[in-house]
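K.L.:
This is the structure, below, for whatever I ask next.
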Amino acid sequence: MGKARTVGIGMDYSPSSKSALRWVIDNLVEEGDRIILIHVQSPKCDNAQKKLWEESGSPLIPLEEFKEMNLSKQYGLTPDPEVLDVLDTVSRTKGAKVVSKIYWGDPREKLCDAVDDLKLNSLVLGSRGFGVIKRVLLGSVSNYVVTNASCPVTVVKGTPVSKP
């Protein structure tokens with residue numbers, strides 16, 4: 001076992017972000033590592049926590065607190081029970097420390113900010129598998145982050161949602 005690492009996972013509860021989480025657990029996390037779920041909420045959402053933490057992002061939220069529904073509602077998130085169960089299991093079986101952090105704004109920029117802010121050793125993202133046209137129109141979060149992040153970024157390819 002080497003030095004404990006900090007691994008970020010971009011999480012929006014989509015199938016592709018769940019695949020990224022599974023990939024991290026199966027291939028990357030070792031005993032004592034820290035997993036940080038990074039959520040990026042729309043800048044248009046309006047809740048009390050955003051008003052407090054919009055500039056810096058929320059404080060780190062331990063898994064036990066994040067599992068409480070009231071806390072999740074305060075941040076405008078609806079955590080997936082399957083994801084919470086997977087995180088609870090990896091915490092118990094591999095001794096990984098699991099926390100969450102919420103940012104508000106453009107996911108491309110905020111994920112890159114998170115790399116430096118959280119001093120990540122690695123960032124893992126899911127790819128939604130958009131075709132060429134949708135990728136051009138919507139922009140690719142994963143392409144932007146791979147190009148601009150200051151740490152290694154792994155993109156876990158998901159099932160394509162559309163063909164060009």
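K.L.:
Please work out which one of (1) surrounded by 13 or more Cβ atoms within 10 Å (Cβ to Cβ); (2) at pLDDT 90 or above is the condition Ser14 fails and give its number.
P.N.:
Every listed condition holds for Ser14 apart from (2).
K.L.:
Identify, please: which residue in the stretch 105-133 is open to solvent by 90 Å² or more (accessible area, probe 1.4 Å) and in a helix (DSSP H, G or I) and is, among those, modelled with the lowest pLDDT?
P.N.:
The qualifying residue modelled with the lowest pLDDT is Ile133.
K.L.:
Criterion first (in contact with a strand residue (DSSP E or B) (Cβ under 8 Å, 6 or more places away or on another chain), assigned to a helix (DSSP H, G or I) and under 21 Å from Tyr144 (Cα atoms)) does Lys101 satisfy it?
P.N.:
Criteria not met by Lys101.
K.L.:
Can you name the residue in the stretch 52-86 that is over 22 Å from Ser42 (Cα atoms) and in contact (Cβ under 8 Å) with a residue 60 or more places away in the chain and is also surrounded by the fewest Cβ atoms within 10 Å (Cβ to Cβ) among such residues?
P.N.:
It comes out as Glu82.
K.L.:
Regarding the stretch 37-51, can at least one residue be identified that is under 21 Å from Val124 (Cβ atoms), modelled with pLDDT of 95 or more and not polar (S, T, N, Q)?
P.N.:
yes
K.L.:
Let me ask something additional. Among the residues of the stretch 29-48, is there at least one that is outside any loop (DSSP other than H, G, I, E, B), within 29 Å of Asn143 (Cβ to Cβ) and open to solvent by 40 Å² or more (accessible area, probe 1.4 Å)?
P.N.:
Looking for residues that are outside any loop (DSSP other than H, G, I, E, B), within 29 Å of Asn143 (Cβ to Cβ) and open to solvent by 40 Å² or more (accessible area, probe 1.4 Å), one finds at least one in the stretch 29-48, hence yes.
The values are calculated or read from the model by the stated rules, or taken from the named source; none is laboratory data. Values in this document were obtained by computation on a predicted structure and should not be read as measured data. Don't worry about glycine lacking a Cβ; one is built from the backbone with ideal geometry, like all the others, and counts go over all protein chains shown. Heads up: the accessible areas ignore ligands, DNA and RNA and are worked out on the full protein's heavy atoms, side chains in. Shrake-Rupley method; radii C 1.70, N 1.55, O 1.52, S 1.80 Å.
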